[in-house]
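K.L.:
Structure below; questions to follow.
The values are calculated or read from the model by the stated rules, or taken from the named source; none is laboratory data. These figures come from a predicted structure and were not determined experimentally. Every residue, glycine as well, gets a Cβ built from its backbone with ideal geometry; the counts of neighbours run over all protein chains shown. Note: accessible area is taken over every heavy atom of the protein model, side chains too, but ligands, DNA and RNA are not part of it. Shrake-Rupley method; radii C 1.70, N 1.55, O 1.52, S 1.80 Å.
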Amino acid sequence: AAALQRLREVFDIEELPPDVLPRKKPPQFMVDLFNKVADANGITRAPGLLEGDVVRSFEDRVHVDQYRFYFDISAMEKGEQMLKAEFRVFKLKRTHASRRSDVKHFCKVEVYELLESGSKPQKKHLIASRLLSLYSEGWEVFNVTQTVSKWVGNSSSNHGFLITTTRVFNNRIEHNLVKFAKSQGALQESRNAILVLFTNSNKRSFLSELEMNPAKNDASHVPRETQIVESSNASVSRRPRAAAIPSAKSQVTACHRRELYVDFRAIGWSGWIIYPSGYNAFYCRGSCLFPLGESLNATNHATVQSIVHTLKLSQDVSTPCCVPDELKSLNLLYFDDKENVVLKNYKDMVATRCGCH
């Protein structure tokens, strides 16, 4: 239990979300975003692909009114800094075309922030406006950063959005010519409107917290028998050893990287983590004996330390340690405890190289 609690702290999960997979499907936009920034194992493809380190998506909660949209953004954490907010709606194609030669096949679409609640709110504030073809179909994205920033600061001011569509034809105003997808049927579920927030968590990594608070780093709290990860046997490792074959005299293996697979299914997290199903964190193991070759990525300090140890110039000096020399971040796509889909980037989660330090 203590080990799993520690793992939850690493992944910044306060409350374990309920198992919603495979009943619920994530918005396709979030799946596409995950695939853009991460490979199949969740490892970040390249730095800077994601704006901030957290992307939160919220589904529309209004199913009755065709033109009203409401998003519960209470899952935002304290101290989380919002960078950008996008209101994404799927415009449906107009089913019947006009018989007459319709040259004015465009309509004006306006997005309003509702300033009051109720069944028929009157007060509203214009956020965005654009012309759209009546007969086109697809996603429309509106920047609503300023409005949502206000909602984050004061949740009671969140009354949702209203969309109006108008067209002037022969001096006559026509309303509500186009419709937007709503999650009434299974067909439209993947097209349901979403609000997407790009944020910075502004949280220190778990490792830096341990450095600040050594009391938390007490190995005695972690039961040894907890099987969170599976490490491969050294004899079946498919990766070439970084170091040269040790002499028969020493019979020790030089510092190298070994597999350490974290299986979310084995932990019991597969019911809410969408991607990946697990990842290879890797770990470093082996000795750092003199002489330290180039393949051991040793620092100058480690080289001097190994010389002092070899010459026995000091009783207390041990050999340098075999530790991760280079780390990459991990991306997780998951359902939070309110069933919103979140994409989160975690720094320094995968050891890509080992060295003597």
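K.L.:
So if each residue of separation counts as 0.36 nm, and I subtract the Cα-Cα distance between residue 143 and residue 3, what length gain in nm does that give?
P.N.:
Taking 0.36 nm per residue and subtracting the Cα distance, the gain is 46.2 nm.
K.L.:
In 10 Å bins starting at zero, report the fraction of Cα pairs in segment 256-356 per bin as a rounded %.
P.N.:
Going from the shortest bin to the longest, the percentages are 15, 32, 22, 16, 12, 3, 0.
K.L.:
Here's another thing I want to ask about it. How far apart, in nm, are the 7 Å Cα→Cβ label points at residue 175 and residue 312?
P.N.:
With each label point 7 Å from Cα toward Cβ, the separation is 9.5 nm.
K.L.:
What distance in nm separates the two pseudo spin-label positions at residue 74 and residue 283, each 7 Å out from Cα along the beta-carbon direction?
P.N.:
4.1 nm
K.L.:
Also, I was wondering about something else. Segment 8-54: which GluC sites (Glu not before Pro) are DSSP loop and have at most 10 other beta-carbon atoms within 10 angstrom?
P.N.:
Passing sites in segment 8-54 are 14, 15.
K.L.:
Right, something else. Given the convex hull over the Cα atoms of segment 127-166, what projected area results after averaging over all orientations, in nm²?
P.N.:
Over every viewing direction, the Cα hull of segment 127-166 projects on average to 3.5 nm².
K.L.:
Give the relative contact order (percent, whole number) for segment 256-356; include only Cα pairs under 8 Å separated by 6+ residues.
P.N.:
On the way: 192 pairs, mean separation 30.6, N = 101.
Reported relative contact order: 30 percent.
K.L.:
Tell me, what HN-Hα J-couplings in whole Hz come from the Karplus equation 6.51 cos²θ - 1.76 cosθ + 1.60 at θ = phi - 60° for each residue of segment 37-51, using x for Gly and Pro?
P.N.:
8, 9, 7, 4, 8, x, 6, 4, 5, 7, x, x, 6, 10, 7
K.L.:
Also, I was wondering about something else. Ignoring any ligand, DNA or RNA, what whole percent of the accessible area of segment 256-356 comes from carbon and sulfur when the probe is 1.4 angstrom?
P.N.:
51 percent
K.L.:
Once the piece of chain linking residue 327 and residue 92 is laid out straight, how much longer is it, given 0.36 nm per residue of separation minus the C-alpha distance between them? Mind showing how you got there, number by number?
P.N.:
Working: separation 235, 0.36 × 235 = 84.60 nm, distance 4.51 nm.
Additional length available on full extension: 80.1 nm.
K.L.:
How much area per residue is accessible in segment 256-356 when the probe is 1.4 Å and only protein heavy atoms are counted (Å²)? Spell out each step's value before the answer.
P.N.:
Values: 4820 Å² over 101 residues.
Heavy-atom accessible area per residue stands at 48 Å².
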